[in-house]
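Please read through the structure below; I'll follow up with questions.
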Amino acid sequence: VPQFERSKGLDVNAASDNAQTARKSLSGASCWVLTDGKAGDVAPCLGLAQALGLAVETRVVKPRLLFAAFSPRGPVDPAERPDAPGSPIAPPFPEVLIASGRRAVPYLRHVRRASGGKTFTIFLKDPRVDPRVADVVWVAEHDRKRGDNVIATLAAPHLVTHEALNAARANPDPRIAALPEPRMALLLGGASRHHDFHDKDVISLVGVVESMTLTGGSAMITPSRRTPPHLLAKLRGVCADAPKHTFLWDGAGDNPYIQILAHAATIVVTADSTNMVGEAIATDAPVMIYEPTGGNARLTRFIRAVVASGRAKRWRGRLESWPCRAHDDTQTIADEIARRYALFRVEG
């Protein structure tokens, strides 16, 4: 994490070194979480807002096709400017704005300027423009973006807290509690620009579930909106053959995601989602990363770093177990942002 630099004659240490004092200055502050609604952008923003104790209001930008295409460098869609009916950035502006996703960048830029610099702006992930577009930018270590206002950690902020996992264990979902131990969690992403799920991937992932049921254990499966239908169809077939040893979330109602993570003795997660990998390693269960067909250099760097940390292993065709401890960067990120917020207020 970058250190503060002395500027404008300020006592930076007094403004920023005490994380707890800095946190108190943020607690209860008004906050917009600004995204285009993608779950992969919303969840990290909410995780950070929760860690900082902010009073959150979720706002979704929906730029029309032309303006979305010009993001992140283009302007806000005029139909969503602050004075437009139903605008996602209608004032009064918040004390803090947390945004993620390239379509949100023009809106963040606009709020920062329109608020007279009074709104403290945070962007999560690479904004694809100069990082000085926001007061603070968080990126994953495997991204190349760096700067004086950039924070880099292994994993993104999230909502899989120690407290949430303990609460799930204390109040188990009946559908999960009924499954025999040991329980394996299978966290499925899906097709993306860099990954696809070919027949060999389907065979491998279905085989993971079958191996758990055949040995008397159980499998808890949570897909995403991107999970290929042909993979889901195969998994449904396996679950129908072993209903007492499997749970597959069907998309109806709330996803018992925290329950699945909390009760897993081991976790298999697909590599296409860095968010899910980060959430998996925040538990104390061994994590195996399954790499679907494809890949790219950024994700390879991320997986290599997670494996090097000892917190996860690449999937090698069989379930493994080893002693491990949770890895969670959320509080580290929140502490650093709180320090920077304290300095931001001192500087006026």
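Please go through (1) open to solvent by 30 Å² or more (accessible area, probe 1.4 Å); (2) more than 24 Å from the chain's Cα centre (by Cα) for SER218 and return the number of the only condition it doesn't satisfy.
It is condition (1) that SER218 fails.
Next question. Under the condition of being over 24 Å from the mean Cα position of the chain (by Cα) and open to solvent by less than 60 Å² (accessible area, probe 1.4 Å), which residue from the stretch 147-184 is nearest to THR215 (Cα to Cα)?
PRO180
Regarding GLY251, is this residue open to solvent by 10 Å² or more (accessible area, probe 1.4 Å), over 22 Å from LEU46 (Cα atoms) and either small (Gly, Ala, Ser) or modelled with pLDDT of 95 or more (or both)?
Taking the combined requirement at face value, the residue does not satisfy it.
Can you name the strands (runs of 3 or more DSSP E) wholly within the stretch 150-259 that have at least 3 residues being over 22 Å from LEU319 (Cα atoms)?
150-153
Quick grid of which residues meet (1) over 17 Å from the mean Cα position of the chain (by Cα); (2) more than 14 Å from PRO223 (Cα to Cα); (3) outside any loop (DSSP other than H, G, I, E, B); (4) basic (Lys, Arg):
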residue: ALA264; (1), (2), (3), (4): yes, yes, no, no
residue: VAL269; (1), (2), (3), (4): no, no, yes, no
residue: ARG298; (1), (2), (3), (4): no, yes, yes, yes
residue: ARG304; (1), (2), (3), (4): yes, yes, yes, yes
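Filter the stretch 105-154 for residues that are in contact with an Asp or Glu (Cβ under 7 Å, 6 or more places away or on another chain), at pLDDT below 95 and not charged (D, E, K, R) and give the result.
Those that are in contact with an Asp or Glu (Cβ under 7 Å, 6 or more places away or on another chain), at pLDDT below 95 and not charged (D, E, K, R): none in the stretch 105-154.
Ok, one more. If you scan the stretch 271-288, which residues turn out to be closer than 28 Å to ARG193 by Cα, small (Gly, Ala, Ser) and in a loop (DSSP other than H, G, I, E, B)?
Matches in the stretch 271-288: ALA271, SER273, ALA282.
Could you give every pair whose Cβ atoms fall below 9 Å, whose first residue belongs to the stretch 197-225 and is more than 17 Å from ALA264 (Cα to Cα) and free of Cβ contacts under 8 Å to residues at least 60 places away in the same chain, and whose second residue is surrounded by fewer than 18 Cβ atoms within 10 Å (Cβ to Cβ) and of a type in the set (D, E, K, R), counting only separations of at least 6 or pairs across chains?
From the stretch 197-225, the pairs are VAL202/LYS234; ILE203/LYS234; VAL206/LYS234.
Suppose we keep only residues that are acidic (Asp, Glu) and modelled with pLDDT of 95 or more within the stretch 289-334. Which one would you say is most open to solvent (accessible area, probe 1.4 Å)?
Top of the filtered list is GLU291.
Give me the pairs, please: first residue somewhere in the stretch 130-144 and open to solvent by 20 Å² or more (accessible area, probe 1.4 Å), second residue anywhere and among the aromatic types (Phe, Trp, Tyr) and in a loop (DSSP other than H, G, I, E, B), beta-carbon distance under 7 Å, and either six or more positions apart or on two chains.
Close Cβ pairs (under 7 Å, with a partner that is among the aromatic types (Phe, Trp, Tyr) and in a loop (DSSP other than H, G, I, E, B)) do not exist here.
The values are calculated or read from the model by the stated rules, or taken from the named source; none is laboratory data. Owing to the predicted nature of the structure, the values given are computational and were not obtained by experimental measurement. Cβ sites come from the backbone with ideal geometry, for glycine too, and all protein chains shown count toward neighbours. In case anyone asks, the SASA skips ligands and DNA or RNA and just uses the protein heavy atoms, side chains included. Shrake-Rupley method; radii C 1.70, N 1.55, O 1.52, S 1.80 Å.
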